[in-house]
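These notes are about the structure you will find just below.
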Amino acid sequence: KFFRYLYNRAYYTIPQCNNLLTVLPNAGVDIPESIQSEVWFLRALAYYYLIDTFGKGVLVTEENSGSSDFLPEASRQELFNFVESELLDIEPTIGNDNGYGRANTYVVDMLLAKLYINAEVYTGTAMYTEAATYINKIINEGGYQLEENFVQNFSGDNNVSNEIIYPLIADAVNSQSFGNTTYIVNGSLSPDTIPILEFGAAEGWQGHRATEAWYGLFGDLNTSNDVRASLFWTDGHNYTMTDYREWTDGYPSTKFRNNDLNDTPSSGISFSGTDFPLYRLSDVYLMFAECAVRGASNASMSDALNYVNMVRNRASASTITMADLDLDFIIDERGRELNLEGHRRTDLIRFDQFSDNGVWQWKGGVQQGATTEAFRDLMPLPATDLGINTNLEQNPGY
């Protein structure tokens, strides 16, 4: 059902954007070009997730949204070309400062960089130099800075972070939701083993836990100086997950929390007001390093090493040398830095470690882990849509 939820959410967002693009010219007031560009960005973002997860769909815009005929299936390449063209068109027009939580030039640059760094997966053509072009623009022109305290990015007052490039806003009062970061915070807590008030929560749903494939990336958690290694709750929990249904097997992550960074709340809240950092600067630094290692002409290895060590220094982790900086290190460092932020599946596919390569605990439904079929790099299209639009074909293997 989660595949269906994702697919349906994309095709809820896209028509909403199309409707806005249709009515804005007739609003009776002057609409800034930046506003229309923001709507185009949101539509492009929805299409990006279809490219990444399903690899196909239908391409519906304000131009054909009123068609009475079922639209043809659009390939991954066609969707890629559309999103690339849309983003390139709005990049000069969306503006550099549209306010907190709104897309701007550097948010568009980030989505372009994501599109290009994954282009070899999406289209068969590597575009790491193109990715580095927009990564460099974010670094050199965006004005973003790593927050001194890593946890600031995941606390209730993360709206003051200088590192977050694009947040998905959560509001504990005006837009209460069991999704967004409420799902992450409450799902990672249980009053049975964790003092949930320390994390600003009133509820613990006793759900999300990591396995040693995640916290094992830090080595011995008891001796690690890495701040990120300390963000797992170990008391009352077993290091090895022998039963994935048992709450005390595996370590929950306490990376996201409801309370402000320096606040010890007297009472918890049921809904999270912690914004979700969809894009932040440390991701950009690690993407630069990956582009450099993969041979991008505009990403030097010396700068890559500096950016990686900036990320590690902030976490109080040991610095690395040039001899350490390879793709194996980068995929592990992305796991240490960006866990729970929605990048891991895409990263593992790009590094060829998701399905028929790469094994971790409980992958393939067995404790020791097993490889899975390569067709699972794409998700299945919902049967409901296949039954309605006969132009759509199911992804291979399903």
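Which residue out of Trp214, Trp233, Trp205 is touching a Pro at 6+ places or on another chain (Cβ under 6 Å), open to solvent by 30 Å² or more (accessible area, probe 1.4 Å), hydrophobic (A, V, I, L, M, F, W, C) and on the phi < 0 side of the Ramachandran plot?
Result: Trp233 is the single residue among Trp214, Trp233, Trp205 that is touching a Pro at 6+ places or on another chain (Cβ under 6 Å), open to solvent by 30 Å² or more (accessible area, probe 1.4 Å), hydrophobic (A, V, I, L, M, F, W, C) and on the phi < 0 side of the Ramachandran plot.
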Looking across region 187-202 at residues that are aliphatic (A, V, I, L, M), farther than 16 Å from Gly250 by Cα and not in a helix (DSSP H, G or I), the single one that is least open to solvent (accessible area, probe 1.4 Å) is Ala201
Confirm whether Phe256 is modelled with pLDDT of 95 or more, over 17 Å from Gly335 (Cα atoms) and part of a loop (DSSP other than H, G, I, E, B). no
For region 389-398, the count of residues that are surrounded by 11 or more Cβ atoms within 10 Å (Cβ to Cβ) and touching a residue at least 40 places away in the same chain (Cβ under 8 Å) equals 4
The number of residues in region 179-213 that are out of contact with any Gly (no Cβ under 6 Å at 6 or more places or on another chain) and either free of Cβ contacts under 8 Å to residues at least 40 places away in the same chain or among the hydroxyl-bearing types (Ser, Thr, Tyr) (or both) is 7
The residue that is nearest to Leu217 (Cα to Cα), considering only those in region 299-321 that are touching a residue at least 24 places away in the same chain (Cβ under 8 Å) and either aliphatic (A, V, I, L, M) or open to solvent by less than 20 Å² (accessible area, probe 1.4 Å) (or both), is Ala317
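Residues of region 77-114 being closer than 30 Å to Asn391 by Cβ, of a type outside the set (Phe, Trp, Tyr), touching a residue at least 40 places away in the same chain (Cβ under 8 Å) and open to solvent by less than 40 Å² (accessible area, probe 1.4 Å), which ones?
Selection gives Glu86, Leu87, Ile90, Leu111, Lys114.
The values are calculated or read from the model by the stated rules, or taken from the named source; none is laboratory data. Nothing here was measured: the structure is a model prediction, and the numbers come from that model. Note that each Cβ is placed from the backbone with ideal geometry, even for glycine, and that neighbours are counted across all protein chains shown. Ligands, DNA and RNA are excluded from the accessible area calculation, which covers all protein heavy atoms including side chains. Shrake-Rupley method; radii C 1.70, N 1.55, O 1.52, S 1.80 Å.
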